[in-house]
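Novice: My questions will all concern the structure given below.
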């Protein structure tokens, strides 16, 4: 196998990096985070509404209970009023005034209880709407997870093929050459291995010194290290 197969190893490494990056930055991942955050926001609002519903229900019950107590007092006072038990004009007037005051109090309590009931209905409607939104989020999250799993499976299958091909190529290359390549790859990435073309190392950012170019041009080896840029050069 030719040392030029090291270029294919490099190409496969570049493809591996690209596949791993693509896997990490799948658009669905960001969409999934957004959907998950939205679901958390919705459930937090539902939980808050649940607490308010408890307070409203307690308030409504208190007003209804107080209204019943007042109604019972009115019933008792009216029974006294019409029983003949109270005969004095002033006492009768005082009892009538108390009944009137109690009726006003009962009306106020019933209004408060009704307001609490309407508030409870509004809260229940809002909670139901939020629950529907949570269901939509759950569906979206499920769909996105399925899309991510499918995309990952496709990428992983390609990664397995690429890595298998690389392993086969590496096995037939000189181990010291592979070691040099691995060491330099952290510095030069996809341009670790380059060709010598048109009288120059294709990895050098500027024109090579004439002496270095001449050395490479007349070398009998097919793999060199560029003294100018440090890359592996294939002749």
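Novice: How many residues are in contact (Cβ under 8 Å) with a residue 60 or more places away in the chain, outside any strand (DSSP E or B) and crowded, with 16+ Cβ neighbours inside 10 Å when one looks only at segment 170-201?
Specialist: Looking only at that region, the number is 6.
Novice: Can you find a residue that is surrounded by 12 or more Cβ atoms within 10 Å (Cβ to Cβ) and touching a strand residue (DSSP E or B) at 6+ places or on another chain (Cβ under 8 Å) anywhere in segment 10-33?
Specialist: yes
Novice: Just to be sure I understand, how many residues within segment 51-103 are more than 30 Å from residue 126 (Cβ to Cβ), assigned to a helix (DSSP H, G or I) and without any contact (Cβ under 8 Å) to a residue 12 or more places away in the chain?
Specialist: 16
Novice: Among (1) assigned to a helix (DSSP H, G or I); (2) free of Cβ contacts under 8 Å to residues at least 12 places away in the same chain; (3) more than 34 Å from the chain's Cα centre (by Cα), which single condition is residue 106 missing?
Specialist: Against the list (1) assigned to a helix (DSSP H, G or I); (2) free of Cβ contacts under 8 Å to residues at least 12 places away in the same chain; (3) more than 34 Å from the chain's Cα centre (by Cα), residue 106 comes up short only on (2).
Novice: Further question on the same structure: What pairs come up if the first residue lies in segment 152-163 and is within 15 Å of residue 9 (Cα to Cα), the second is modelled with pLDDT of 95 or more and exposed (fewer than 15 other Cβ atoms within 10 Å of the Cβ), and their beta carbons are under 8 Å apart, counting only those six or more places apart or on different chains?
Specialist: 159/20
Novice: Among the residues of segment 210-220, are any assigned to a loop (DSSP other than H, G, I, E, B) and either surrounded by 12 or more Cβ atoms within 10 Å (Cβ to Cβ) or touching a strand residue (DSSP E or B) at 6+ places or on another chain (Cβ under 9 Å) (or both)?
Specialist: Yes; the residues of segment 210-220 include at least one that is assigned to a loop (DSSP other than H, G, I, E, B) and either surrounded by 12 or more Cβ atoms within 10 Å (Cβ to Cβ) or touching a strand residue (DSSP E or B) at 6+ places or on another chain (Cβ under 9 Å) (or both).
Novice: Something else now. Suppose the filter is touching a residue at least 12 places away in the same chain (Cβ under 8 Å), part of a strand (DSSP E or B) and either on the phi < 0 side of the Ramachandran plot or surrounded by fewer than 15 Cβ atoms within 10 Å (Cβ to Cβ) (or both); does residue 224 pass it?
Specialist: When the stated conditions are applied, residue 224 passes them.
Novice: Now for a different question. Filter segment 49-65 for residues that are surrounded by 13 or more Cβ atoms within 10 Å (Cβ to Cβ) and within 31 Å of the chain's Cα centre (by Cα) and give the result.
Specialist: 49, 52, 53
The values are calculated or read from the model by the stated rules, or taken from the named source; none is laboratory data. Predicted, not measured: the structure shown is a model, and the values here were computed from it. Cβ sites come from the backbone with ideal geometry, for glycine too, and all protein chains shown count toward neighbours.
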